[in-house]
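A.B. asks: Can you keep this structure in mind? I'll have questions shortly.
The values are calculated or read from the model by the stated rules, or taken from the named source; none is laboratory data. Keep in mind it's a predicted model, so treat the numbers as computed, not measured. Virtual Cβ from ideal backbone geometry, glycine too; neighbours counted across all protein chains shown. Ligands, DNA and RNA are excluded from the accessible area calculation, which covers all protein heavy atoms including side chains. Shrake-Rupley method; radii C 1.70, N 1.55, O 1.52, S 1.80 Å.
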Amino acid sequence: MSMTQQSTPAVGRPPASGPRQTDGRTARRPLVPRLLARPEVGVFLGAVAVLVFFLIAAPPVRDGGSMANILYQSSTIGIMALPVALLMIGGEFDLSSGVAVISSALTASMLSYQLSLNVWTGVIVALVVSLAIGAFNGWMVMRTGLPSFLVTLGTFLILQGANLAVTKLVTGNVATDDISDMDGFGQARKVFASSFGVGGVQVKITVIWWLVFAALATWVLLRTKYGNWIFAVGGDKGSARAVGVPVGFTKITLFMLAGFGAWFVGMHNLFSFNTVQSGEGVGQELIYIAAAVIGGCLLTGGYGSAIGPVFGAFMFGMVQQGIVYAGWNPDWFKAFLGVMLLGAVLINLWVQRTATRR
């Protein structure tokens, strides 16, 4: 046999048996690292750990009524933490969300009571006001190019002062009048602040709304073009605009979603307690942001989920109520909060490195 014949490959010969060769571009990573790279997995494990801890340390937590209270506490944080998380994925912050909740409740209460209107009129006007505040924040950020931290800090101070000053001017007090005997109050209370029985335990309607909003936000992020826009503008605004993403529209609507969340929580507060204290809400914005961060949203934007903040809010509710059920000094809540936040930042850093590792 000649050398030419030896070097000619056989036609139609099946490939040699053995392990398939792949390069680094086509190799799939193992399942566990891929799962751990998901933004909600770390906080889920943390929430399970916190739950187990308080089930052992605070036996009253095992009662159904106690768990219902924990879920209720979590829902009041979680409903607002969801739009805050979407806003953070989009690369922005809203420091006015805490006082915006009170502004919404004050608007609905004073308008209805002072003008003797059906409370649903106040509810609708409050929604318009809340959306307008969100639109203003978004417009200012896009128009001026200033960081949303500064813009919403200014809005925070404006709303904080207006809440107190307008309430004193209109009612002569720091709180609004009781609206429980006004037309439409009972219907509105059923929507925003009612309870229902499950196995002999009363569960607040906000828990259901919380889960519904979380499912809707997850669908938007993962299954819609708008969800892609949110990740794009949070990851790189310039690149997103270059490929046709409407950056201004996306960011302004995200701020308006935060306004919607503030409106909903404000309506719950109003119809739960029948009146509103105008000085409340200060500091709550940090709770909402912390719940989103603990839930896996990066401070730099472009990364996160809607499910993660659900577990983040649950951890807040679990710790806040668990400390009470354990009979400890409530001042420890701040210490637990700091530990959870610092731990979440470290976990997020590790998750980010894991997700980008080749």
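A.B. asks: Over the chain, how many pairs of lysines fall under 24 Å by alpha carbon, counting only those 8 or more apart in sequence or from different chains?
C.D. replies: Values: Lys190/Lys204; Lys225/Lys237; Lys225/Lys251; Lys237/Lys251.
Count of close lysine pairs: 4.
A.B. asks: What are the ³J(HN,Hα) couplings of region 51-68, residue after residue, when phi is run through the Karplus curve with 6.51, -1.76, 1.60 and θ = phi - 60°? Round to Hz, x for glycine and proline.
C.D. replies: Residue by residue, region 51-68 yields 4, 4, 4, 6, 4, 7, 7, 10, x, x, 4, 6, 6, x, x, 5, 5, 5 Hz.
A.B. asks: Give me the accessible area per residue for region 248-333, probe 1.4 Å, as a whole number in Å².
C.D. replies: Roughly 32 Å² per residue, with all protein chains present.
A.B. asks: Specify which residue in the list Met318, Val243, Gly343 is farthest towards the positive end of the charge dipole of the chain, using unit charges on the beta carbon of Lys, Arg (+1) and Asp, Glu (-1), about the Cα centre.
C.D. replies: It is Val243, whose Cα lies furthest towards the positive end.
A.B. asks: Let me ask something else about it. Which whole-percent values make up P(r) of region 221-324 when all C-alpha to C-alpha distances are grouped in 5 Å steps starting at zero?
C.D. replies: Spelled out bin by bin, region 221-324 gives 2, 10, 15, 20, 19, 13, 9, 6, 3, 1, 0 percent.
A.B. asks: Ordered by residue, what ³J(HN,Hα) values in Hz, to whole numbers, does region 168-184 give under the Karplus form 6.51 cos²θ - 1.76 cosθ + 1.60, where θ = phi - 60° and Gly and Pro are x?
C.D. replies: Per residue, the Karplus-derived 3J(HN,Hα) values read 5, 5, 7, 9, x, 9, 8, 10, 7, 7, 5, 10, 5, 9, 8, 4, x Hz.
A.B. asks: Using a 1.4 Å probe over the heavy atoms of the protein chains, calculate the carbon and sulfur portion of the accessible area of region 204-320 as a whole percent.
C.D. replies: 68 percent
A.B. asks: Which whole-Hz couplings ³J(HN,Hα) result when phi for each residue of region 302-311 is put into the Karplus expression 6.51 cos²θ - 1.76 cosθ + 1.60, θ = phi - 60°, listed in order with x for Gly and Pro?
C.D. replies: For region 302-311, the Karplus-derived couplings read x, 8, x, 8, 8, 6, x, x, 5, 5 Hz, x marking Gly and Pro.
A.B. asks: Bin width 10 Å, alpha-carbon pairs only: give the P(r) of region 161-284 as whole percents, running from 0 to the bin holding the largest distance.
C.D. replies: Reading the bins upward from 0: 11, 27, 27, 22, 12, 1.
A.B. asks: Bin width 5 Å, origin at 0, all Cα-Cα pairs of region 43-108: what percent of pairs per bin?
C.D. replies: Values per bin, smallest distances first: 4, 13, 15, 20, 15, 12, 12, 8, 1.
A.B. asks: A further question on this structure: Plugging the Kirkwood radius over Cα pairs into Stokes-Einstein for region 36-184, at a temperature of 20 °C and a viscosity of 1.002 mPa s, what D comes out in µm²/s?
C.D. replies: Taking Rh from Cα pairs, D becomes 117 µm²/s.
A.B. asks: Now for a separate question. Over the Cα atoms of the chain, compute the convex hull volume and normalise it per residue, giving Å³. Before the final figure, lay out each step's value.
C.D. replies: Details: hull volume 73.5 nm³, N = 358.
About 205 Å³ per residue, rounded to a whole number.
A.B. asks: Report the convex hull volume per residue for region 126-215, counting only C-alpha atoms, in Å³.
C.D. replies: Working: hull volume 15.0 nm³, N = 90.
Output value, Cα hull per residue: 167 Å³.
A.B. asks: How much accessible area per residue does region 94-142 have, in Å², with a 1.4 Å probe?
C.D. replies: 34 Å²
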